[in-house]
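Novice: Before anything else, here's the structure in question.
The values are calculated or read from the model by the stated rules, or taken from the named source; none is laboratory data. All values derive from a computational prediction rather than experimental measurement. When we count neighbours, we look across all protein chains shown, and the Cβ atoms used for this are built from the backbone with ideal geometry, even at glycine.
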Amino acid sequence: MTETMLAAVKTKPVSESIKVMKVPRPEPVAGEVLIRVRIASICGTDVHIYNWDEWAQARIKPPLIQGHEFAGEVVELGPNTSHIQVGDYVSAEGHIACGTCYQCRTGQSHICPNVRIIGVDRDGAFAEYVTVPEGNVIVNPSNLSLEMATIQDPFGNSVQTVFSADVPGNYVAIFGLGPTGLMSVALCRAVAAAKIFAIGHKNEYRMSLAKELGADLVLRSSSDLPAAIDEETDGRGLDHVLEMSGNRDAFNLGLKVLRAGGSMHVLGIYPAPFTVDVSSDIVTKGVSVYGIHGRHMYEDWFRMAGLLTSGRLNLKPLITHRFPFEDFLDAMEVMRSGNCGKVVLYME
């Protein structure tokens, strides 16, 4: 096995500053496995790191190999591994929980306060090889395509969000049409929502993609939205809002279009605190608000495998751009433009 590998490295604590370069190939330590990456996909988190925004400045310590969405083949086992085998076709849960805190010991490891993230707190999968703790490795179904396997990490966010709501037979709106919002549109279609409203703002490309993925109506987030929702639901309002935009105006608008007794499920991350009319929009309407973070570990991975191999869920239109890994910087520019769904990188 070669001692070096090709990787996309965030070399300096400044905007951009990513180089595709040769670096030492990692060796798995006790409890880890080495995976040859065959495909990876770019996440919004990777864009934050590339742009070097305030979040990245506070969290990231270059040099760092980014990337946490991937699929590949196990090629080497570290000491003290027991159930993963060389040759397994795998992906990985990107959140490495501590296993000892209250949350981990009560079935809530997805919100472990001590979590470390692949491609954020340790080197990730924008490389020919990556090491992963054995407990985080997911063996993929043999009939799962590489392109579906690499998007499971973000798809798990959609799965937790959608299944936290009572979607079948109900009126549901998805605010925010980034890749996770778009996957939620397709999932709501697969589980038989009565009517799916995809709410965008300016991005025409993704609004069009939402229609292709199964939205009944694609609407703009504006002051006209409550009247449009009222008309389309015969005055009832929405049963559930899935807020994935991270936009404060969308959050408040989502509360406005919920029916009394409805629920809001919030995956979006907001850049700053903001004001909500709790008395009028939550308390007196009897509205429930749920915070969503990551994926249930590991219930949602089993659910994803069933959904992705069922033949009832169509996420293929979501993969809009494909690049060889050597063209990583071109792929990142497409992702930064927003005129895309998921952008994937082939390592071979």
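Novice: Only residues that are surrounded by 14 or more Cβ atoms within 10 Å (Cβ to Cβ) and within 15 Å of A8 (Cα to Cα): list them for the range 23-35, please.
Specialist: Within the range 23-35, V23, R25, P26 meet the criteria.
Novice: While we're on this one: Residues A198, A194: which one is surrounded by fewer than 19 Cβ atoms within 10 Å (Cβ to Cβ) and in contact with a strand residue (DSSP E or B) (Cβ under 8 Å, 6 or more places away or on another chain)?
Specialist: A194 is the lone residue from the list that is surrounded by fewer than 19 Cβ atoms within 10 Å (Cβ to Cβ) and in contact with a strand residue (DSSP E or B) (Cβ under 8 Å, 6 or more places away or on another chain).
Novice: Moving on. If you check every pair at least six apart or on different chains, which have Cβ atoms under 7 Å apart with a residue in the range 12-31 that is without any contact (Cβ under 8 Å) to a residue 24 or more places away in the chain first and a residue that is outside any loop (DSSP other than H, G, I, E, B) and exposed (fewer than 13 other Cβ atoms within 10 Å of the Cβ) second?
Specialist: Once the first residue is without any contact (Cβ under 8 Å) to a residue 24 or more places away in the chain and sits in the range 12-31, its partners that are outside any loop (DSSP other than H, G, I, E, B) and exposed (fewer than 13 other Cβ atoms within 10 Å of the Cβ) give K22/T4; P24/T4.
Novice: Now, a different point. If you go through the range 123-132 one residue at a time, do you hit one that is in contact (Cβ under 8 Å) with a residue 40 or more places away in the chain, out of contact with any Ser or Thr (no Cβ under 7 Å at 6 or more places or on another chain) and of a type in the set (D, E, K, R)?
Specialist: Yes - at least one qualifying residue is present in the range 123-132.
Novice: Continuing with this model, one more query. When you scan the range 249-258, do you find a residue that is over 25 Å from Y205 (Cα atoms), touching a Leu at 6+ places or on another chain (Cβ under 6 Å) and surrounded by 12 or more Cβ atoms within 10 Å (Cβ to Cβ), even just one?
Specialist: Within the range 249-258, one or more residues are over 25 Å from Y205 (Cα atoms), touching a Leu at 6+ places or on another chain (Cβ under 6 Å) and surrounded by 12 or more Cβ atoms within 10 Å (Cβ to Cβ).
Novice: Looking at the range 104-113, can you tell me whether even one residue there is within 25 Å of L345 (Cα to Cα) and in the same structural domain as I35 (by TED's automatic domain parsing)?
Specialist: The answer is no, given that none of the residues of the range 104-113 is within 25 Å of L345 (Cα to Cα) and in the same structural domain as I35 (by TED's automatic domain parsing).
Novice: Which of the residues belonging to the range 61-77 are surrounded by 18 or more Cβ atoms within 10 Å (Cβ to Cβ) and assigned to a loop (DSSP other than H, G, I, E, B)?
Specialist: Correct list: Q66, G67, H68.
Novice: Go through the range 317-334 and give me each residue that's in contact with a Ser or Thr (Cβ under 9 Å, 6 or more places away or on another chain) and either farther than 19 Å from R189 by Cβ or loosely packed, with under 14 Cβ neighbours inside 10 Å (or both).
Specialist: If the condition is that a residue be in contact with a Ser or Thr (Cβ under 9 Å, 6 or more places away or on another chain) and either farther than 19 Å from R189 by Cβ or loosely packed, with under 14 Cβ neighbours inside 10 Å (or both), then V334 is the only one that fits.
Novice: Same structure, new question: Is it fair to say G78 is small (G, A, S), free of Cβ contacts under 8 Å to residues at least 60 places away in the same chain and either in contact with an Asp or Glu (Cβ under 9 Å, 6 or more places away or on another chain) or more than 23 Å from F325 (Cα to Cα) (or both)?
Specialist: Here the answer is yes, as G78 does meet what is asked.
Novice: Quick check: is even one residue across the range 122-135 more than 27 Å from Q85 (Cβ to Cβ) and under 16 Å from the mean Cα position of the chain (by Cα)?
Specialist: No, the conditions are met nowhere in the range 122-135.
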